[in-house]
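Chemist: Sharing a structure, written as structure tokens. Questions coming.
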Amino acid sequence: MSASGEGVTTTLTTCPRDCYDSCSMAVTRRDGRILQVRGNPEDPVSRGKLCKKCSIAYNHEWLDPGARLTRPLRRSGAKGSGQFTEVGWDEALADIAARLQAVIREHGAATILNAHYTGTLSLLAFLFPQRFFGRLGATEVDPDTICNMAGHVALGYMFGTSLQGFDPRTVAWSQCILVWGANPAASGPHVQQHWLGEAEATVVVIDPVRTPTAAAADIHLQPWPGSDAALAYALLHVIAREGLLDEAFLAAHTVGWEEVAARLPECTPAWAEARTGVPAAQIERVAVLYGRGPSLLWLGQGLQRQTGGGNIMRACALLPAATGNFGRRGGGLLYLNWDMAQRRIDDAWLTAAHLAGDAPPRISHMALASCLEDPARARALLVWNMNPAASSPEQARLRRALQREDLFTVVLDLFPTDTTDYADYVLPAASFLECDDLVAGYFHLALGAQVKVAEPPGEALPNSEIFRRLARAMGYAEPELHASDSELLEGLLARSGLGETFASLAAKGRLAVPAEPAVQFAELRFATPSGRIELASGRAQAAGHPRVPLPDADVRPQPGRVRLLSPASEWTLNSSFGNVAKVRTHAGASAVLLHPDDARDRGLQAGVQVRLANDCGSLTVDWQSSDALPRGVALLPKGRWPRLESGAANVNVLNPGTRTDMGESSAVHAVEVTIEAVS
Ligand SMILES: Nc1nc2c(c(=O)[nH]1)N[C@H]1C(S)=C(S)[C@@H](COP(=O)(O)OP(=O)(O)OC[C@H]3O[C@@H](n4cnc5c(=O)[nH]c(N)nc54)[C@H](O)[C@@H]3O)O[C@H]1N2
Ligand SMILES: Nc1nc2c(c(=O)[nH]1)N[C@H]1C(S)=C(S)[C@@H](COP(=O)(O)OP(=O)(O)OC[C@H]3O[C@@H](n4cnc5c(=O)[nH]c(N)nc54)[C@H](O)[C@@H]3O)O[C@H]1N2
Ligand code: SF4
Ligand SMILES: [Mo]
């Protein structure tokens, strides 16, 4: 479908999904009606083409009032029944406010849980509601613990930040790119196709699975899941032996190298081969390529979802420090580019951080189910930008807890989801096509305008407006809680010093910020206690961790069990789009991938279903044989909607919510299961 001709206008906007790409988009309209949502042809990222999931969803269900939530709903059946009657906004908000006030009076504000994440990353819809929750004094379900907190804590110990990555624009100066535990073919398809695909550097992918990203790389190392710290140490062993250490850099800009070096002699490639499964010769080859540099190291979020995820991140991040790959073009490390100051965004102003006080109460997402089942800790739950009944661990236990009649639950979403089914009130949110906002991606250094191109369906409202109205209903008078969207947008842009108004940015669509390619850690000053890169960290030690990362590797599962990975699917964005009819057709039935030998060991016949089980739960799905996996590793992507699956559950019914070593984060790629044919 393409649109041109008389009366057709084109408006630029930005995709705010939790995706490495942050595509700039072009929306064509006639008489105010959307004809097509597509990629912006002038955008260096999307080059005129959205990913297939978005180009389907944004042109179908997202524009379809029949698929969307359009009115506030009040529960009319049993808790969890998904039965509701429509109510007006004023009535809904007055009742919600009265119920929350009663909880505050009788049990304290900390028994109200605030569960939110990245359903949209546009700045107002993602951050402004935090003003309300800060004022309320709710307990925040620490958002990053469902995703990437182990990596943040680990890199924070070493560099003082995990949010300033290399600038992707510096790739032209790079000789080698290591993509370690990320699969952008699914999680950032344009980064994969264009940035990685067109790089002249040698591309090395380190992943237990031969993903499409790995298959397209020059070299693929296939370690056992959770063995990456041992692999990192073996790479360092070779780098040291081959004289490729940057001794001057280590002496001037790091602390603790001697403690790392003391461990290197034992970490030979042969030693690592036994622990990781990666052939010693490949370790030798990659170590020399990386060590010669300049080299970029991309540490994926998938990498750290292991019980030793923090240790793994610290061990991998030794590589750029040991080889002096900082402070020069073509070298660096990237986890997430999410330093708002670098993007000139004053996020503390946007969240009005002062309203929350010094130590707002927090729990890990890994504790959500246990907290919600305890009436002494949880009396009310507000969920926005998130679908925990699909994406959180301990799915069966969580759903039982959500069924508590005395847990007052409010859910904001665009669509009726598994989570909205458990609500006392469902509040309809406007999509990114229906309100103005700003989008700062987390890979490319850019700031985009999200521009309203349609009216929200029915009575749906932007997150920001819903929380303004709720603040009013609660009787909160703080002016911070009542700032309008345009005050917020112009306020953010004025504070940025970029010389842009929302209108001028909207006309451009997307702006590179900073304008010129940045050299990572150009000043070689680090926000650590020593001001250097802390390879050995006193802060880590004080928090109960080893001073230096250890060359550890996870042990293989007991006989009969396999390691179950559940990474990003190319067809959904977390659980978003899991309800989109065409996406569901393309994705097909839920099927676990297994190594052919694992299938043969279990006598699996083609066409039968298999039952995956562990102490947490069980799940019945189709299976497919795949030699892209090592023996003992199975794969079932995240993102299915439990309510649309035959067993009313998805892969998270098997996820016990094991915490990582650092940050109380999700070790979801460490799940183990048995697999047997269903007779
Ligand atoms: N097994 C397994 N589970 C995982 C993971 C894994 O790797 N394996 N990954 C984890 C990770 S990394 C993450 S980040 C989480 C993500 O999990 P969630 O944060 O739950 O993400 P989604 O499932 O996409 O849910 C986002 C919801 O926000 C809604 N939404 C979109 N835009 C708006 C808006 O403007 N306003 C409002 N109010 N709502 C909106 C969408 O419709 C959607 O229902 O899942 C985690 N779960
Ligand atoms: N299409 C799509 N895009 C997405 C998402 C989505 O659900 N769908 N989710 C978004 C979100 S919230 C996030 S956090 C990112 C996540 O995107 P990524 O950072 O790419 O992370 P994952 O998809 O969890 O896993 C990436 C790879 O890590 C590998 N892996 C697992 N365990 C290990 C290990 O121990 N060692 C190594 N070396 N590799 C390992 C997996 O096999 C997988 O191929 O993607 C974002 N983009
Ligand atoms: S989800 Fe990612 S790839 Fe798809 S349109 Fe949005 S930013 Fe682009
Ligand atoms: Mo995530």
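Chemist: Could you work out how much longer the chain between R30 and R105 gets when fully extended? Use 0.36 nm per residue separation minus the Cα distance between them, nm to one decimal.
Modeler: 21.8 nm
Chemist: Under the Kirkwood approximation for Rh and a Cα-based Rg, what ratio Rg/Rh is obtained for the chain? Walk me through the numbers on the way to the answer.
Modeler: Working: Rg = 24.6 Å, Rh = 25.8 Å.
Checking Rg against Rh, the ratio lands at 0.95.
Chemist: Which value in nm describes the separation of the simple spin-label points at Q175 and A270, placed 7 Å from the Cα toward the beta carbon?
Modeler: Taking the two extended label points, one gets 2.9 nm.
Chemist: How would T409, T501 line up by accessible area, probe 1.4 Å, largest first?
Modeler: T501, T409
Chemist: Hey, if you put +1 on the Cβ of every Lys and Arg and -1 on every Asp and Glu Cβ in the stretch 1-81, which of P41, S81, S22 ends up farthest toward the positive end of that dipole?
Modeler: The residue sitting farthest along the positive end of the dipole is S81.
Chemist: Something else about it: Check each of the GluC sites (Glu not before Pro) in the stretch 398-464 and keep only those in coil by DSSP with at most 10 other C-beta atoms within 10 angstrom; list them in order.
Modeler: Of the GluC sites (Glu not before Pro), the ones in loops of the stretch 398-464 whose Cβ has at most 10 other Cβ atoms within 10 Å are E405.
Chemist: Follow-up question, since we're still on this one. What are the ³J(HN,Hα) values, in whole Hz, obtained from phi via the Karplus relation 6.51 cos²θ - 1.76 cosθ + 1.60 with θ = phi - 60°, for each residue of the stretch 82-90 in sequence order, with x given for Gly and Pro?
Modeler: x, 9, 9, 10, 6, 9, x, 4, 4
Chemist: Okay, moving on. Place a +1 charge on the Cβ of each Lys and Arg in the stretch 564-678 and a -1 charge on the Cβ of each Asp and Glu, then give the dipole magnitude about the Cα centre in debye, rounded to the nearest 20.
Modeler: My answer is approximately 440 debye.
Chemist: Looking at the chain, how many pairs of lysines come closer than 27 Å at the Cα, when each pair is eight or more places apart or spans two chains?
Modeler: 16
Chemist: Using the Karplus curve 6.51 cos²θ - 1.76 cosθ + 1.60 with θ = phi - 60°, what ³J(HN,Hα) values do you get for each residue of the stretch 91-104, in whole Hz, with x for Gly and Pro?
Modeler: 5, 4, 5, 5, 5, 4, 4, 5, 5, 5, 4, 5, 4, 4
Chemist: Can I ask one more? Could you tell me how far the Cα centroid of the stretch 520-564 sits from the Cα centroid of the stretch 290-348, in Å?
Modeler: Using only Cα atoms to place each centre, the spacing works out to 12 Å.
Chemist: Further question on the same structure: Rounded to the nearest 20 debye, what is the charge dipole size of the chain about its Cα centre when +1 sits on each Lys and Arg Cβ and -1 on each Asp and Glu Cβ?
Modeler: Around 580 debye, computed over the chain.
Chemist: Would you pull out the residues with amide H under 5 Å of T323's amide H, same chain only if 5 or more places away, H placed 1.01 Å from N?
Modeler: Result for T323 returns D246.
Chemist: Which of M366, A440, L594 sits closest to the plus end of the dipole of the chain, meaning its Cα is farthest towards the positive end, when Lys and Arg get +1 and Asp and Glu get -1 on the C-beta?
Modeler: With unit charges placed on the Cβ atoms, the residue in question is L594.
Chemist: If one computes P(r) from the Cα atoms of the stretch 597-679, what percent of pairs lie at distances over 22 Å?
Modeler: 29
Chemist: Taking R0 as 25 Å, what FRET efficiency do you get between R241 and A522 from their Cβ-Cβ distance, rounded to the nearest 0.05?
Modeler: 0.25
Chemist: For the stretch 1-127, what number results from the quotient of the Cα radius of gyration and 2.2 N^0.38 Å?
Modeler: Details: Rg = 20.0 Å, N = 127, 2.2 N^0.38 = 13.9 Å.
Compactness ratio reported: 1.45.
Chemist: Right, here's the next one. Order 198-207, 304-313 from most to least packed using the mean count of other Cβ atoms within 10 Å.
Modeler: Most protected by this proxy first, the peptides run 304-313, 198-207.
Chemist: Which far-off residues, 5 or more places away or on another chain, put their amide H under 5 Å from the one on L573, with H placed in the peptide plane?
Modeler: G578
Chemist: Out of the DSSP beta bridges found with both residues in the chain, what percent are antiparallel (nearest 5)?
Modeler: Given both bridge residues lie in the chain, the antiparallel proportion sits at roughly 45 percent.
Chemist: Just the projected area, averaged over all directions, of the convex hull on the alpha carbon atoms of the stretch 105-246: how many nm²?
Modeler: Its Cα hull, projected and averaged over all orientations, spans 12.1 nm².
Chemist: In addition: Suppose only helical runs count, i.e. DSSP H with n ≥ 4. What mean residue ellipticity at 222 nm does that imply for the chain under -39500 (n - 2.57) per run, divided by all residues and rounded to the nearest 500 deg cm²/dmol? Spell out each step's value before the answer.
Modeler: Working: 24 runs with 187 residues, N = 679.
Helix contribution divided over all residues of the chain: -7500 deg cm²/dmol.
Chemist: Quick one: if you stick a label point 7 Å off each Cα along the C-beta vector at H354 and A507, how many nm between them?
Modeler: Here the answer is 3.5 nm between the modelled labels.
Chemist: Residue separation times 0.36 nm, minus the C-alpha to C-alpha distance between A515 and A248: what's the value?
Modeler: The A515-A248 span can extend by a further 93.0 nm.
Chemist: Treating the beta-carbon of each Lys and Arg as +1 and of each Asp and Glu as -1, no other charges, what is the dipole magnitude of the stretch 290-420 about its Cα centre, to the nearest 20 debye?
Modeler: Dipole about the Cα centre, nearest 20: 640 debye.
Chemist: Provide the FRET efficiency to the nearest 0.05 for the T70-I219 pair, computing r from the beta carbons and using R0 = 45 Å.
Modeler: 0.30
Chemist: Which of Y117, M340, S504 sits closest to the plus end of the dipole of the chain, meaning its Cα is farthest towards the positive end, when Lys and Arg get +1 and Asp and Glu get -1 on the C-beta?
Modeler: Farthest towards the positive end: Y117.
Chemist: Step through the residues of the stretch 141-150 one at a time and calculate ³J(HN,Hα) from phi using the Karplus curve (6.51 cos²θ - 1.76 cosθ + 1.60, θ = phi - 60°), rounding each to whole Hz and writing x for Gly and Pro.
Modeler: Taking θ as phi minus 60°, the curve returns 7, 3, x, 5, 5, 7, 9, 9, 5, 4 Hz for the stretch 141-150.
The values are calculated or read from the model by the stated rules, or taken from the named source; none is laboratory data. These figures come from a predicted structure and were not determined experimentally. No Cβ is skipped: glycine too gets one built from the backbone with ideal geometry, and neighbour counts run over all protein chains shown. Side chains included, ligands, DNA and RNA excluded: accessible areas come from the protein's heavy atoms. Shrake-Rupley method; radii C 1.70, N 1.55, O 1.52, S 1.80 Å.
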